[in-house]
Amino acid sequence: MLLHRPVELLGMLLAGLLVPLKQAAKVEGVLERRVAVVGSSVLLLGPLNITHIHSVQWEHLNGTTFHTILQYERHNLTVHVPYAARVHLHASNGSLLLEDLRESDRGIYRVTVNQEERASLMILLDVLKPVSHPQLWSSGLVAKASGEVLCEVAEGRADTFTWKKDGQRLPPDRSYRLSESISVLYLRMAKKSDCGSYSCNASNGISWQETSLNITVAGLSPPLQDVLRISVVAVVFAAVSGWGIIFPVCQSEKLRIRGELWRWLSAYTCGLVCISSILTGTAGLLWMREEGPSIAVILPEIFLLYVIVITFLVASTVAFQPTKLTQLKSTTAQRTLGYAAPGGVLLVVLTSSFHMKNIHQRHEEGCTAFVDVTTLVVSTAAVLALPLLAIFLCYHTTQGWLQECDSGCTHKESSFEMSLPISKDSDLTC
């Protein structure tokens, strides 16, 4: 319907009102534009080509029709509500002084002098509040993901939003407006080059304000940061369990740990391998949920599941039913159980290293600091090493006592042999 009334449509666009200007379209006058601040006063000038003024009528477009503000005819002035005490007429030239402006005063004003349409004038008045300092904030920007930077003006109506990055103006197509007070800068597939200082300039016809914000793009999303932490903890578990496996092997046959201490050491190291495999498998699942499935991740996951089952069975059997291990006659089964823990340690280290390498590459795509895992590594290693140190301390204490016992027994045996040279008890023990 409005497309068939171009004059009315033009009036709406200029006035910022979504109403047809039916009455204004009938008037062949000049449309002027004035801008004023809320609370101030504005002088609306009458027609300049009139020498003798007998009558003046000022009207304000409210909705679809003009409403009379005041009428002046031969020294008689009538002011209509709600403009009483807020308007003053200069009868000599037909100008109108409007005081204490309100936002509701914006719109089109028409003055008719001497009741002649050719002596009429239309004025577009826009009443604005000064814009406040824009507030900028952004969602968590992650590399290779879309993000947004929002600019909001709390007070005042912003007619224009201008975005800059590091002092350089950004193309208008990079942003869009949600309302009169909010503009959004869209970052498609954020990358390292998007890091920098962004500024938003909000302005209207009477004021402008600008605010800046430093934007950083994280290379790692929170789930990938969790993958890094889990992988690091898994490597620490594997390292401590590897220490528990290698240390007894490096000892001589005479000093090697046996008995109850060996049983608890074996159960503990197998348990650590089992837990480290679970952690590494969890890290792989989180990685695939973020980055999608990959054969380089799926294949280790299958082997890790195998290690988890075997090491769990070995740890629980050694801890609660150690005699069942001595009943195994199959060489294949013995080798499977024997190599499960060392193989698991190697698999965990290789798989976790693969995750950490990929995570470091992803981190390089952003501009934030790398995740600090020093405290996590030190605290985890300290807690896991305590049981091993307790076992080794108990072992060395027991070994010292046995050596003293063996020395005492050897001395007694020597004295007995000297007194009975023809007799020797080979079964004498401490």
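Since every read-out is calculated from the coordinates, none of them should be taken as a lab result. Quick caveat: nothing in here was measured; it's all calculated off a predicted structure. Ideal geometry is used to build each Cβ from the backbone, glycine not excepted, and the neighbour counts take in all protein chains shown.
If you put +1 on each Lys and Arg Cβ and -1 on each Asp and Glu Cβ, how big is the dipole of segment 159-289 around its Cα centre, in Debye rounded to 20? Could you put the intermediate results ahead of the total?
On the way: 14 positive and 9 negative charges, 98 e Å.
So the dipole magnitude of segment 159-289 works out to roughly 460 debye.
Taking R0 as 51 Å, what's the FRET efficiency between GLU291 and THR398 from their Cβ-Cβ distance, rounded to 0.05?
Values: r = 51 Å, r/R0 = 1.00.
The pair GLU291/THR398 has a calculated efficiency of 0.50.
Please give the charge dipole size of segment 135-215, origin at the Cα centre, charges +1 on K and R Cβ atoms and -1 on D and E Cβ atoms. Round to the nearest 20 debye.
440
From the cross-link list LYS165/LYS357; LYS144/LYS164; LYS129/LYS192, which pairs have alpha carbons spaced over 29 Å apart?
Details: LYS165/LYS357 32 Å; LYS144/LYS164 22 Å; LYS129/LYS192 39 Å.
Beyond 29 Å between Cα atoms: LYS165/LYS357; LYS129/LYS192.
Report the calculated FRET efficiency for SER146 and LYS357 (r = Cβ-Cβ distance, R0 = 35 Å), to the nearest 0.05. Walk me through the intermediate numbers first.
Details: r = 26 Å, r/R0 = 0.75.
The computed FRET efficiency comes out at 0.85.
Average projected area of the Cα convex hull of segment 135-215, in nm²? Can you show the working numbers first?
Values: hull surface 19.8 nm².
Mean projected area for segment 135-215: 5.0 nm², to one decimal.
Under the 0.36 nm per residue contour assumption, what length would be gained going from the current alpha-carbon distance of ARG169 and VAL38 to full extension? The partial results should precede the final answer.
Details: separation 131, 0.36 × 131 = 47.16 nm, distance 3.07 nm.
The ARG169-VAL38 span can extend by a further 44.1 nm.
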